[in-house]
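Participant: Here you go, one structure.
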Amino acid sequence: MAKIVVLGAGTGGMPAAYEIKDILGKDHQVLMVNEHDKFRFVPSNPWIAVGWREPDAISIPIEKHLANKDIDFKCACVVNIDPIQNQLITAENDIIDYDYLVIATGPKLAFNAITGAGPDHFTQSICTLEHALKCKIDVDKLLNDPGPVIVGAFQGASCFGPAYEYVFILDKVLRDAGIRNKVPIHFVTSEPYIGYLGLGGVGDSKSMLESELRQRDIKWICNASVDYVEDGTMHISELDRKGVVDFSHSLPFHHSMLIPPFLGIDAVANVEGLCNAKGFVITDEHQRSPQFSNIFAGGVCVAIPPAEATPVPTGMPKTGYMIESMMTAIAHNLHSVIVEGKPPKSKGTWNAICIADMGDTGAVFVAMPQIAPRNVSWFKKGKWAHLAKIGFEKYFLLKMKTGSSEPMYEKYALKLMGITRLEDEDDK
């Protein structure tokens with residue numbers, strides 16, 4: 001019996017545990033390790049931050065649902081990984097042995113890269129449930145004391161979609177409260193242009209998102225590098241295409257939410273030979289570590305180069321379906337190695353499907369593959385997309401409750417559109 005430990009129970013880790021158990025069967029043990037005892041649907045955090053959702057609506061107990069699929073669970077914070085002894089060490093000094101390790105951790109939020117940034121200082125975040133709840137307190141203050149707002153993404157950020165979601169959702173909240181006229185909004189982003197999204201744009205994302213910002217009287221600054229933040233003021237250098245400071249801005253704010261750059265969490269980043277300089281796990285095309293053959297990784301924790309060099313550093317986002325395709329590949333590769341005794345052969349397609357809420361409308365984009373050049377590059381918006389985001393939240397939580405990472409109807413519905421999780425999936 002092989003023991004496979006999945007580290008991290010997020011939107012990648014939970015599906016990974018279900019898929020690995022399903023494909024390996026009862027002859028092998030799957031253990032999920034996570035620092036919280038509840039699965040949290042992170043894409044709903046922008047709604048949490050404005051009071052449109054409560055935490056219980058986007059959280060489910062992990063152990064209860066994993067147990068239904070004969071998957072073990074340990075709630076613990078892992079502080080060290082020993083890849084030589086094949087062990088995880090927790091904050092309580094417990095030792096967790098493994099035969100194979102699947103790393104599916106979330107990121108370390110690098111607010112300390114910018115002076116004055118982060119919920120412990122002067123800007124808010126929606127990257128975690130705790131941060132979103134703290135952001136909600138600041139939004140309530142804004143509603144009682146209207147004033148300037150800054151939303152966006154710091155230099156080095158890779159996750160831009162939630163920033164766009166949040167600025168449009170907040171605009172809707174302010175309009176509903178009848179105080180939008182008292183709240184000037186700036187969208188400040190490290191992207192070279194609106195709609196870049198860390199992907200070099202998708203379809204007509206540039207003009208469509210610019211249009212939406214204009215319609216809502218939201219001004220923007222691109223190629224923005226935040227020098228520092230102090231209470232009520234953000235100091236920004238706007239760079240030109242050559243990376244030279246073109247303008248300097250000192251913007252006042254009553255409320256600010258910017259997405260930070262990501263790093264690998266310490267327990268993973270500290271393993272010599274496992275990660276790159278930023279602490280992201282280096283993997284081959286089969287999601288396996290070249291250094292440690294019994295370690296696989298997928299999701300936010302994986303090292304992926306940026307789409308291209310930009311005047312202000314930007315990273316490559318890891319979108320939901322892309323992450324799921326990584327996890328499906330890992331499950332198949334573990335089966336190849338453990339059951340068949342063969343080398344890994346499965347590769348994720350890294351196709352991207354993203355549904356973004358915009359308050360009273362929404363946007364959907366499909367990028368196949370996520371990294372250009374693409375076979376499909378499609379971006380559309382409409383009220384239907386807003387409703388689709390609500391439906392997707394319910395659907396994904398249902399999948400995590402029932403333990404089905406990719407129901408057959410989902411698989412074949414997407415396949416009709418040419419979207420699959422694995423390369424050459426017809427052969428699987």
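The values are calculated or read from the model by the stated rules, or taken from the named source; none is laboratory data. Note that the structure is a prediction, hence the values are computed from the model and not measured. As a convention, Cβ positions derive from the backbone with ideal geometry for all residues, glycine included, and neighbour counts pool all protein chains shown. The area values use the complete protein model at the heavy-atom level, side chains included, leaving out ligands, DNA and RNA. Shrake-Rupley method; radii C 1.70, N 1.55, O 1.52, S 1.80 Å.
Participant: Tell me, which strands (runs of 3 or more DSSP E) wholly within region 209-255 include 2 or more residues that are surrounded by fewer than 18 Cβ atoms within 10 Å (Cβ to Cβ), of a type in the set (D, E, K, R) and modelled with pLDDT of 95 or more? Step through it out loud before you land on a result.
Facilitator: Details: elements: 218-221, 224-230, 233-239, 245-252.
Because the criterion is at least 2 residues that are surrounded by fewer than 18 Cβ atoms within 10 Å (Cβ to Cβ), of a type in the set (D, E, K, R) and modelled with pLDDT of 95 or more, the strands (runs of 3 or more DSSP E) in region 209-255 that meet it are 224-230.
Participant: Go through (1) open to solvent by 10 Å² or more (accessible area, probe 1.4 Å); (2) closer than 30 Å to V139 by Cβ one by one and return the number of the condition P83 breaks.
Facilitator: Going through the list (1) open to solvent by 10 Å² or more (accessible area, probe 1.4 Å); (2) closer than 30 Å to V139 by Cβ, P83 breaks only (2).
Participant: Quickly run through region 104-141 and pick out the residues that are under 21 Å from P184 (Cβ atoms) and part of a helix (DSSP H, G or I).
Facilitator: C135, D138, V139, D140, K141 - these are the residues of region 104-141 that are under 21 Å from P184 (Cβ atoms) and part of a helix (DSSP H, G or I).
Participant: Taking interchain pairs and intrachain pairs at least six residues apart, which have beta carbon atoms under 6 angstrom, with the first residue in region 289-313 and at positive phi and the second open to solvent by 70 Å² or more (accessible area, probe 1.4 Å)?
Facilitator: Close Cβ pairs (under 6 Å, with a partner that is open to solvent by 70 Å² or more (accessible area, probe 1.4 Å)) do not exist here.
Participant: Given the condition modelled with pLDDT under 95, in contact with a strand residue (DSSP E or B) (Cβ under 9 Å, 6 or more places away or on another chain), assigned to a helix (DSSP H, G or I) and open to solvent by less than 50 Å² (accessible area, probe 1.4 Å), answer yes or no: does some residue in region 399-413 qualify?
Facilitator: Within region 399-413 (the criterion being modelled with pLDDT under 95, in contact with a strand residue (DSSP E or B) (Cβ under 9 Å, 6 or more places away or on another chain), assigned to a helix (DSSP H, G or I) and open to solvent by less than 50 Å² (accessible area, probe 1.4 Å)), the answer is no, since none of the residues qualifies.
Participant: Restricting region 307-349 to residues that are of a type in the set (D, E, K, R) and part of a loop (DSSP other than H, G, I, E, B), which is least open to solvent (accessible area, probe 1.4 Å)?
Facilitator: K318
Participant: When the residues of region 63-112 are narrowed to those that are closer than 24 Å to M326 by Cβ and among the hydroxyl-bearing types (S, T, Y), which ends up modelled with the lowest pLDDT?
Facilitator: In this case the residue turns out to be T105.
Participant: Taking the condition of being within 19 Å of D266 (Cβ to Cβ) and either among the β-branched types (V, I, T) or surrounded by fewer than 24 Cβ atoms within 10 Å (Cβ to Cβ) (or both), how many residues in region 7-26 meet it?
Facilitator: Within region 7-26, residues that are within 19 Å of D266 (Cβ to Cβ) and either among the β-branched types (V, I, T) or surrounded by fewer than 24 Cβ atoms within 10 Å (Cβ to Cβ) (or both) number 1.
Participant: Being β-branched (V, I, T), in a loop (DSSP other than H, G, I, E, B) and free of Cβ contacts under 8 Å to residues at least 40 places away in the same chain is the filter; apply it to region 142-196 and report the residue that is surrounded by the fewest Cβ atoms within 10 Å (Cβ to Cβ).
Facilitator: Step by step, filter region 142-196, then rank; the result is I179.
Participant: For E63, state whether it is within 30 Å of Q124 (Cα to Cα), open to solvent by 10 Å² or more (accessible area, probe 1.4 Å) and among the acidic types (D, E).
Facilitator: no
Participant: Could you list, in sequence order, the residues of region 355-377 that are in a strand (DSSP E or B), touching a Gly at 6+ places or on another chain (Cβ under 6 Å) and at pLDDT below 90?
Facilitator: Residue satisfying the conditions is S377 alone.
Participant: Could you check, for region 110-126, whether at least one of its residues is under 15 Å from the mean Cα position of the chain (by Cα) and either polar (S, T, N, Q) or surrounded by fewer than 20 Cβ atoms within 10 Å (Cβ to Cβ) (or both)?
Facilitator: The answer is yes, given that some residue of region 110-126 is under 15 Å from the mean Cα position of the chain (by Cα) and either polar (S, T, N, Q) or surrounded by fewer than 20 Cβ atoms within 10 Å (Cβ to Cβ) (or both).
Participant: Within region 184-196, is there a residue that is farther than 21 Å from E238 by Cβ, at pLDDT 95 or above and not basic (K, R)?
Facilitator: no
Participant: Here's a follow-up. Answer yes or no: is there a residue in region 228-246 that is within 25 Å of the chain's Cα centre (by Cα), aliphatic (A, V, I, L, M) and more than 28 Å from A367 (Cβ to Cβ).
Facilitator: yes
Participant: Exactly one condition in (1) assigned to a loop (DSSP other than H, G, I, E, B); (2) modelled with pLDDT of 95 or more; (3) β-branched (V, I, T); (4) under 23 Å from A9 (Cβ atoms) is false for I304; which is it?
Facilitator: Going through the list (1) assigned to a loop (DSSP other than H, G, I, E, B); (2) modelled with pLDDT of 95 or more; (3) β-branched (V, I, T); (4) under 23 Å from A9 (Cβ atoms), I304 breaks only (2).
Participant: Filter region 281-320 for residues that are of a type in the set (F, W, Y) and within 18 Å of the chain's Cα centre (by Cα) and give the result. I'd like the intermediate steps shown before the answer.
Facilitator: Going residue by residue through region 281-320, those that are of a type in the set (F, W, Y) are 292, 296.
Within region 281-320, no residue meets the criteria.
Participant: Sticking with this one: May I ask you to list pairs of residues, at least six apart or on different chains, whose Cβ atoms are under 8 Å apart, with the first in region 383-399 being over 17 Å from Y321 (Cα atoms) and the second being of a type in the set (G, A, S)?
Facilitator: K383/G362; W384/G362; H386/G359; H386/G362; L387/G362
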